[in-house]
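As structure tokens, the structure follows; a few thoughts come after it.
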There are 2 protein chains.
Amino acid sequence: MARYAKEHKQVTRQRIIEKAGQRFKQDGIDGSGISTLMSDAGLTNGAFYAHFASKDDLVAHVVADELRTQVARYGTARPGRPGLEDLVRDYLSPEHRDHPGVGCPSAALLDEIGRCEDGTKQAYTDGARAIVEEIAARLAPEDPRSARGKAIGLFTMMVGTLQLSRALSDRKFADEVLEEGVENALAFMR
Amino acid sequence: MARYAKEHKQVTRQRIIEKAGQRFKQDGIDGSGISTLMSDAGLTNGAFYAHFASKDDLVAHVVADELRTQVARYGTARPGRPGLEDLVRDYLSPEHRDHPGVGCPSAALLDEIGRCEDGTKQAYTDGARAIVEEIAARLAPEDPRSARGKAIGLFTMMVGTLQLSRALSDRKFADEVLEEGVENALAFMR
DNA sequence: TCTATGGTCTGACGTTCGTAATATTATGGT
DNA sequence: ACCATAATATTACGAACGTCAGACCATAGA
């Protein structure tokens, strides 16, 4: 009785969310229009409102999805501090800096999220908690709660460093920021 | 020969820049239209193009002005590390978090600046250099160059911490981030 | 096999808002 | 009174969000 497989809409919706995540991280939330987002997903603007109530609604789901994905990916690194050091080096790399579309959502969107409506901030809050816990668990596997503060510091320094490096027009300075960032993060961890 | 005092246009221009700085930090660059910016300055949109070639042109001047002002203000703190500690506590305060319009331009706009055209990034780069030098001079008055890396780390952690606190919908968590941020920053300094 | 169903998507539209540009008016020092 | 200047008001044009009627077509059921 139906034209599509019953999962079809869910699949489409997920594709919209994932493509929108890339686009937002590249061009910003305000900088990405509905038409562009839908065309990224291989659809036209008209189909958008069959999937989401509004752009804000999409943004909240994208933020949640992005953070969930990030936490899942971080969970696959080798365990404990060595894995965390890998993550730091990977995070503060020129590749990550130069490809925001497939990178950390916080580095790309954090200040814009701070200006979003509450639904989006709520989604971000949940994700941020999970990230902090993931980092804390690696800093102090035996007592993660004791490392919460340090985990927050490490995370914020990484995000700020990547953002700063992206905002600099002088490549030498931008590279220096990343290199010092790795030093600083590793020093701060210990 | 002229209707206004010869400085009049300069004064108006400066007023536009300063008001635009506040507006950008509150609503974002993409989130602020020319009409709003001009009405903030007590003018109408039509007068804009007598002062700036384009919105991008304004943005670059605003970024330069904001960073210049920030560096000047930081220069007035008491000298050396004690002054730096004051700045850290002031920076990572709920007041600063809750009033982005009169706060740090980096915390409010850094990721958006990373997506701006080169003129704006250049303006930001100059300002960032000055800030790093100001911090380094306080960390190691006798040899600022040796403290450059640490200054970068301190600055990025402060920016990231404030952004994170602003993006959280849970006030308790947001406050925790600020408090841990002060601890982390002071620990990192020494 | 054929057809009716109904979920999904298309594409055009209205309205609002954006940047940008131009024409016009108000002003006040010389 | 003149007239250079700065601001206003108006216009153009595109892009934004959101809406809608209808096209499309895979599949269930005859």
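Overview of values
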{"read-out": "Derived scalar couplings ³J(HN,Hα) [region B:89-103; Karplus, 6.51 cos²θ - 1.76 cosθ + 1.60; whole Hz; x for Gly, Pro]", "value": "5, 5, 5, 8, 10, x, 4, 5, 4, 8, 9, x, x, 10, x"}
{"read-out": "Mean separation of Cα contacts under 8 Å (6+ apart) over length of chain A, as relative contact order %", "value": "22 percent"}
{"read-out": "Peptide A:100-108 - average C-beta neighbours from other chains (10 Å radius)", "value": "2"}
{"read-out": "Rough spin-label spacing in nm, given labels placed 7 Å along Cα→Cβ, for residue A:54 and residue A:86", "value": "4.3 nm"}
{"read-out": "Exam field: residue A:44 pseudo-label spacings to other copies (7 Å along Cα-Cβ), nanometres", "value": "4.0"}
{"read-out": "Backbone HN-Hα couplings from phi across region B:106-112 [Karplus 6.51/-1.76/1.60, Hz, Gly and Pro as x]", "value": "5, 4, 7, 9, 4, 6, 6"}
{"read-out": "Rounded if a/c under 1.5, otherwise prolate or oblate - region B:41-85, Cα gyration tensor axes", "value": "prolate"}
{"read-out": "Region A:107-148 and region B:91-109: distance between their alpha carbon centers, rounded to Å", "value": "20 Å"}
{"read-out": "Given charges at beta-carbon only (K, R positive; D, E negative), |dipole| of the protein assembly as shown in Debye", "value": "340 debye"}
{"read-out": "Accessible surface, region B:95-190, averaged per residue in Å² (probe 1.4 Å)", "value": "36 Å²"}
{"read-out": "Whether region B:121-188 is rounded, prolate or oblate, judged on the alpha carbon gyration tensor where a/c under 1.5 counts as rounded", "value": "oblate"}
{"read-out": "Set of lysines with alpha-carbon distance to residue A:9 below 20 Å, sequence-local pairs under 8 removed", "value": "A:19, A:55"}
{"read-out": "Shortest-first nm distances, residue A:171 label point to equivalent points in other copies (7 Å, Cα→Cβ)", "value": "4.8"}
{"read-out": "Spin-label pair residue A:95/residue B:71, simplified geometry with 7 Å Cα→Cβ offset, distance in nm", "value": "3.5 nm"}
{"read-out": "With 10 Å bins from 0: P(r) over region A:1-73, alpha-carbon pairs, percent", "value": "19, 54, 23, 4, 0"}
{"read-out": "Exercise: per-residue mean of other protein chain Cβ atoms within 10 Å, B:138-151", "value": "1"}
{"read-out": "Cα-centred dipole magnitude for chain A, charges only on beta-carbon of K, R (+1) and D, E (-1), debye, nearest 20", "value": "580 debye"}
{"read-out": "In nm, spacing of pseudo-spin labels at residue B:142 and residue A:47 (7 Å Cα→C-beta vector)", "value": "6.8 nm"}
{"read-out": "Residue-averaged [θ]222 nm for chain A, counting only DSSP H segments that reach four residues, each worth -39500 (n - 2.57)", "value": "-23000 deg cm²/dmol"}
{"read-out": "Efficiency of FRET from Cβ geometry, residue A:14 and residue B:15, R₀ 45 Å, rounded to 0.05", "value": "0.40"}
{"read-out": "Shape call, the protein assembly as shown: gyration tensor on alpha carbons, a/c limit 1.5", "value": "oblate"}
{"read-out": "Hz values of 3J(HN,Hα) by residue in region B:145-157 - Karplus curve (6.51, -1.76, 1.60), Gly and Pro given as x", "value": "4, 5, 9, 4, x, 5, 4, 4, x, 5, 4, 5, 5"}
{"read-out": "Whole-angstrom Cα spans of chain B along principal axes, big to small", "value": "59, 42, 28"}
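The values are calculated or read from the model by the stated rules, or taken from the named source; none is laboratory data. The structure displayed is predicted, hence computed values, not measured ones. All Cβ positions, even for glycine, are placed from backbone atoms using ideal geometry, and neighbour counts span all protein chains on display. Side chains included, ligands, DNA and RNA excluded: accessible areas come from the protein's heavy atoms. Shrake-Rupley method; radii C 1.70, N 1.55, O 1.52, S 1.80 Å.
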